[in-house]
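Here is the structure we will look at, set down as structure tokens.
The values are calculated or read from the model by the stated rules, or taken from the named source; none is laboratory data. Note that this is a predicted model, so its numbers are computed, not measured. Please note: Cβ atoms are built from the backbone with ideal geometry, for glycine as well, and neighbour counts cover all protein chains shown. Quick note on the areas: whole protein, heavy atoms, side chains included, nothing else; ligands and nucleic acids left out. Shrake-Rupley method; radii C 1.70, N 1.55, O 1.52, S 1.80 Å.
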Amino acid sequence: MRIYVLDNYEEISMKAASILASQIILKPDSVLGLATGSTPLGMYRELVKMHKKGILDFSQVITFNLDEYVGIPPEHPQSYHYYMYNNFFNHLNMKKENINIPPGDEKSVHKVCEDYEQKLRSVSRIDLQVTGIGTNGHVGFNEPDQELNVNTHLIDLKEETIEANSRFFSSPEEVPRQAISMGMGSIMKAKKIIMLANGPNKAKPIEEVVNGKISTQLPASLVQLHPDVTLILDGEAAKYI
Ligand code: GLP
């Protein structure tokens, strides 16, 4: 496991954007696994800047997002569809058919999960997976539990996740109770993983990821088994390691 401890959020964003940029320059048809949440926002901003300067071409890039809430439409400002288009895809030259985000407003969730899994299999492996980490150690929406799902699945969000994510909604009652998430299997199959974390709320789960045991009760701890993982942290998130 490679660990970068950087001075601030801007440096985390630059480092992550530089890794993605190198990936795309070296392999223009890269398959990227993408995350949402507040942490990768700066990274997306930097990548958009590089694209606007003509340094990065996204015309052959394929993306798979980790997750989406169930029960809110794609045009809802807190949906991950809205987040991704607004903060990233709308500013790039990506082909629409190369963008994959699990649909969260569908009736037949089971079918949606199967179709997403099918699409993931068609690319065989993600070249570079970006993840954040939840305060309870979740990755995407793979929540702590006695068992974890390998494949794309429907998940009931934990109370602590609903509470953590309620900062983006006007009240905790508005936060969806369920989500569709890529399974830990596809995440762990990625050739490379970068995990970003900043701020004091991430210090405990990051300590577990670096020094703790591997446990389904802290899904992010599974990355210890991966051969090519890079943690990109600020001093606060790294304070216990
Ligand atoms: C959400 C997302 C995760 C993300 C996590 C942390 O629950 N499903 O992919 O890593 O939040 O978010 P933040 O970066 O805002 O702390």
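Just a few scattered comments:
- Residues in region 13-48 that are within 11 Å of the ligand (Cβ to nearest atom) and among the β-branched types (Val, Ile, Thr): Thr36, Thr39.
- Qualifying positions in region 177-198 - outside any helix (DSSP H, G or I) and open to solvent by 10 Å² or more (accessible area, probe 1.4 Å): Arg177, Gln178, Lys191, Lys192, Asn198
- For region 152-174, filtering for residues that are in contact (Cβ under 8 Å) with a residue 60 or more places away in the chain and either crowded, with 18+ Cβ neighbours inside 10 Å or not in a helix (DSSP H, G or I) (or both) leaves 2.
- Checklist (1) within 16 Å of the ligand (Cβ to nearest atom); (2) touching a Pro at 6+ places or on another chain (Cβ under 9 Å); (3) among the β-branched types (Val, Ile, Thr) applied to Thr216, failing item: (1)
- Sole residue being open to solvent by 40 Å² or more (accessible area, probe 1.4 Å), in contact with a helix residue (DSSP H, G or I) (Cβ under 8 Å, 6 or more places away or on another chain) and outside any loop (DSSP other than H, G, I, E, B), chosen from Glu236, Glu208: Glu208
- In region 119-132, the qualifying residues are those that are open to solvent by 10 Å² or more (accessible area, probe 1.4 Å) and part of a loop (DSSP other than H, G, I, E, B), and the one that is nearest to Ile180 (Cα to Cα) is Gly132.
- Scan of region 4-29 for residues that are within 18 Å of the chain's Cα centre (by Cα) and more than 19 Å from Asn90 (Cα to Cα), ordered by number: Tyr9, Ile12, Ser13, Met14, Lys15, Ala16, Ser18, Ile19, Gln23
- Qualifying residue in region 81-100 (condition: away from the ligand (no atom under 13 Å from the Cβ), modelled with pLDDT under 95 and over 23 Å from Met188 (Cα atoms)): no
- The residues of region 65-99 that are touching a His at 6+ places or on another chain (Cβ under 8 Å), assigned to a loop (DSSP other than H, G, I, E, B) and open to solvent by less than 30 Å² (accessible area, probe 1.4 Å) amount to a single one, Leu92.
- The set of residues in region 48-64 being surrounded by fewer than 13 Cβ atoms within 10 Å (Cβ to Cβ) and of a type in the set (A, V, I, L, M, F, W, C) consists of Ile55 alone.
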